[in-house]
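Here the structure is laid out as structure tokens; the discussion comes afterwards.
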Amino acid sequence: MSRWTYLPPRLVILGLISLALWASADQISQMIVVRSIENRTGGKVDVAQLRCSIGNQKLYLKELVLSDPKDANRNLLQADMAYLDFDASALWRRQLVITDGQTSRLMFGTPRSSAQLTQPFENKDEDSTGNWVASATEKHGQEWLDSLVLPNNQPNEIAELQTAQANQRIVAFWDQQLQQMAKNVVDIKKLAAELNQLAAKDQSADNPLRRRWQGASNSRLQQMQTKNKNVAGQVESLRKQLRNDVIAIEQAHDADAKKISGSMTALELDGEQLSDLLLEDLHADFVNQSVEMFQWFRNVRPEISDDFAPKSKRGVDIQIKGRFAEPTCWVKKIEINGEGRLLGQHFDFSGNAYNLSTEPELLDEPATFELHAQGKQHAAIVCKLDRTQADPIDSVKITFPELNLGERTLGHKNSMQLTLGDSNKVFAVVDLKSVGEQISGTIKLRYSDIALHVDSLNDFAGGRVAALQMNAGVTAIDSFDSLITISGDQNKIVFESQSDLGQRFATAINHSLKRRTGNAVQQQLDELQTLKKQVVGQLQSQVEIQLERLQQAISSNQTRIANLEAVTQTNTDQELRKLRRFE
Amino acid sequence: MDAIQQSWTSFKGTVRGFDTPHQLGLGMAFGIVVGLIPKDSLLPYVIGVIAILSTANLLSFGIGVIVAHVISPALDHLTHLIGSWFLTFSPLESVWATLSEIPLLGWTRFNNSVVMGTLILGALLAVPTYTMTRMVSRSAGGRIVSWWKRPALDSSSTTTQV
């Protein structure tokens, strides 16, 4: 037997092995790929078909399903098909570099089908969202009620006002005075009659008794003049009293007007508190769903250290000094086309993912998803998952150009509850970032085509009547803006929100309520004015006339007295001249 | 025709273990090395091809692979220590760096502590394995071959006598 006779059968064996390997290259590739992924992730991998062409640098996968290593009832991802272009030169370095690729019907977090299930399926609510923050609407409602400046809507009784009381007093006084004046008029008239008699006596010439009556008439005239002057003085005093009374009525009226204006006030609403009360629930929902979405994106690229449960790996790969570390698997770009759920709604999404790797810390660029989601709602999503730093930095920016919230209830039934009509549109920009465990970010919301209706209002704040009045005011609100600031960590998320809804609502409502209250106040003021005019007019018409008549009578008497005094003086002078002639 | 006849005879010998103690020892030594090294490395397959192309007895090679493959995980702690020490041994760092630049060598996963450890342990065990297998086959080979070649008729005839 020659030296090399053993070789041909062994070459035949090797040839047969090679032939078998070549014939089952796809199955072996599939087995290698499946085993590699399973070993790395700990999840179960199902691939219906795998074709690999190293010459064309193409890999085709059909019906790829990767189960969640931590939830046997759930798939981490699944795709109907994946066409991948890989870099063959990288294979020499034991690297899988996908330069470009496409996936169709990529889905994350789907329940495993009964055929895939290794354990009985436990139905979990797919729509449930994480409760990251709790709503405090009821608390805000109570705070709002506590801080309310309550309206005073008790109308004033006109009879109890100062004006009415002053009127009563003054009218009573002048009634008395008018009676007195009437008496004085009678006295003055009697006086006038007596003076007329004296004047008649004076006309009868050569009256032998002239001297005698002249002596008596002088003293009588003095008395009459004194009385006339007294009445004239009283008239002057009454005129002054009348002016003072008119002033007193004016002052009482002014004081009453002030009291009426102050006693009927409208409900004063504080904008900031209203925003908290009305939007707390809605904003809490936005925060919960946004953080949920953020977490969803963070989980889309599984965290190798947390989400995978690799099968026990033998040994440790030691980094060779002087050699640049490269990731084992690196997807530079892949076109994603699939389905998912956001905000509890089904979405078809398409877009690109960049820099996906099993060792993202070895890459210079973060893993990036640029997606457009289309469904009942539209959304543009940019998500970056950066593992190039010591602390993982994740960010997501989601823009909803026209989000419809449907009909929503705002506020709380125990304080104030509004209905937001279903025609609303919201332009929303969710911008969240996490560094390590810390999450921060903002949610900007611009509401338009708003239709608000006040459904209920606490009796303390005016109840149904005030609610009806408010509904007249809220129609003026057709848009408002909100800004939610989020901070916290995985365990506790807090948010602050600012919105001009409360201010707009308060402005509209306060204006409406003030107008209504103003009308009521004006009505009372008008009544008061009428009362004042009535009293003053009455005084001026009755008292002034009476005083004028009295004044005229006094003046007439005064003239008569002056004439009689003049006659008496003339007669006395004549008598004196006669006496001097006789002497 | 002679060559084919000789190849067939060799093939039967290869499979049935009628080779020389040297070939049996060589097969067992290769088997131990291949069996120890984790199979997600290219090394066991390369060494396996070398073993097939050598004069090593394939039966003893197969036995060696199976035995070593079974006990290999139990030796991971030891092989990890050996491999780690070698891979981080400063004077050899430049060697590893040079090797890592060679295309396809990455598939051997030589930078894995257990792969390197099992390779070294396998290499160390190869010589005593070869020697021991050779000794055993020399001393007990005849009896083993007799037992292997015993006629199947014996048992049936015994049964008949009973």
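Below are the figures for this structure:
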{"item": "Two-site FRET efficiency, B:LEU124 against A:GLN490, from Cβ-Cβ distance with R₀ of 60 Å, rounded to 0.05", "result": "0.75"}
{"item": "Efficiency of FRET from Cβ geometry, A:MET107 and A:SER36, R₀ 22 Å, rounded to 0.05", "result": "0.50"}
{"item": "Average beta-carbon neighbours from other chains, 10 Å sphere, peptide B:79-92", "result": "2"}
{"item": "Long-range amide H partners of A:ILE320 with built H, under 5 Å", "result": "none"}
{"item": "Listed peptides A:284-292, B:31-39, A:15-23, A:423-431 by packing density, highest first (mean Cβ within 10 Å)", "result": "B:31-39, A:284-292, A:423-431, A:15-23"}
{"item": "Full-extension gain in nm, A:GLN523 to A:ASN244, via 0.36 nm per residue minus C-alpha separation", "result": "97.7 nm"}
{"item": "Along principal axes, Cα extents of the range B:10-142, largest first, whole Å", "result": "50, 28, 24"}
{"item": "Given charges at beta-carbon only (K, R positive; D, E negative), |dipole| of the range B:10-142 in Debye", "result": "520"}
{"item": "Violating pairs (Cα-Cα greater than 27 angstrom) within the set A:LYS58/A:LYS313; A:LYS376/A:LYS492; A:LYS62/A:LYS397; A:LYS333/A:LYS425; A:LYS332/A:LYS376; A:LYS332/A:LYS397", "result": "A:LYS58/A:LYS313; A:LYS376/A:LYS492; A:LYS62/A:LYS397; A:LYS333/A:LYS425; A:LYS332/A:LYS376"}
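All of the numbers you see were taken from the coordinates with simple rules; none came from a lab. Predicted model, so just to flag it, every value in this text is computed and none were measured. Heads up, the Cβs are rebuilt from the backbone with ideal geometry, glycines too, and the neighbour counts pull from every protein chain shown.
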